[in-house]
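J.: Dropping the structure in here first, questions after.
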């Protein structure tokens with residue numbers, strides 16, 4: 001039981017995800033951190049975050065799948081000075097959940113249900 005708890009703790013701690021590495025010109029930009037929770041009943045296998053004004057989802061940010069009932073911290077280090085993002089989650093059952101123009105600074109967390 002302790003090994004299982006330790007394994008989940010390690011998996012969740014690995015969910016700290018940099019969206020884009022900071023470059024020298026972006027050092028003064030703010031990083032955005034929020035809590036991602038999966039209460040959907042299915043495993044979250046892909047997760048995308050983009051500035052709301054962009055038209056492309058970019059790359060999958062997950063380094064590990066997020067089981068239902070798990071959560072982890074997401075770090076967006078994209079050099080932007082915005083809090084407004086669109087998000088897309090893809091689940092193991094093939095379903096997708098999109099949400100648009102979220103103020104992730106105000107929310108502090110997002111829960112897939």
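The numbers here are math on the coordinates, done by the rules we state, and not lab data. None of these values were measured; they are calculated from a predicted model. Neighbour counts run over all protein chains shown; Cβ positions are idealised from the backbone, glycine included.
J.: Beta carbons within 10 angstrom, averaged per residue: use that to sort the peptides 47-59, 31-43, 97-109, highest first. Don't skip to the answer; put the middle values down first.
T.: Numbers: 47-59: 14.5, 31-43: 16.9, 97-109: 12.5.
By packing density, highest mean first, the sequence is 31-43, 47-59, 97-109.
J.: Could you line up 84, 111 from fewest to most neighbouring Cβ atoms inside 10 Å? Walk me through the numbers before you get to the answer.
T.: Working: 84 15, 111 12.
With the fewest neighbours first, 84, 111 line up as 111, 84.
J.: Next up: In terms of the ratio Rg/(2.2 N^0.38 Å) built on C-alpha atoms, what value belongs to the stretch 49-113? Don't skip to the end; give the middle numbers.
T.: On the way: Rg = 12.0 Å, N = 65, 2.2 N^0.38 = 10.7 Å.
Scaled against compact globular proteins, the figure is 1.12.
J.: Give me the number: length gained by fully extending residue 63 to residue 35, i.e. 0.36 nm times residue separation minus the C-alpha to C-alpha distance, one decimal in nm. Kindly include the intermediate steps, with their values, before the conclusion.
T.: Numbers: separation 28, 0.36 × 28 = 10.08 nm, distance 1.56 nm.
Stretched out fully, the residue 63 to residue 35 stretch lengthens by 8.5 nm.
J.: Among 74, 90, which comes first, then next, by fewest other beta-carbon atoms within 10 Å?
T.: With the sparsest Cβ surroundings first, the list reads 90, 74.
J.: Given a Förster distance of 22 angstrom, what is the FRET efficiency for residue 45 paired with residue 73, based on the Cβ-Cβ distance and rounded to 0.05?
T.: Numbers: r = 18 Å, r/R0 = 0.84.
Plugging the Cβ-Cβ distance into 1/(1 + (r/R0)^6) gives 0.75.
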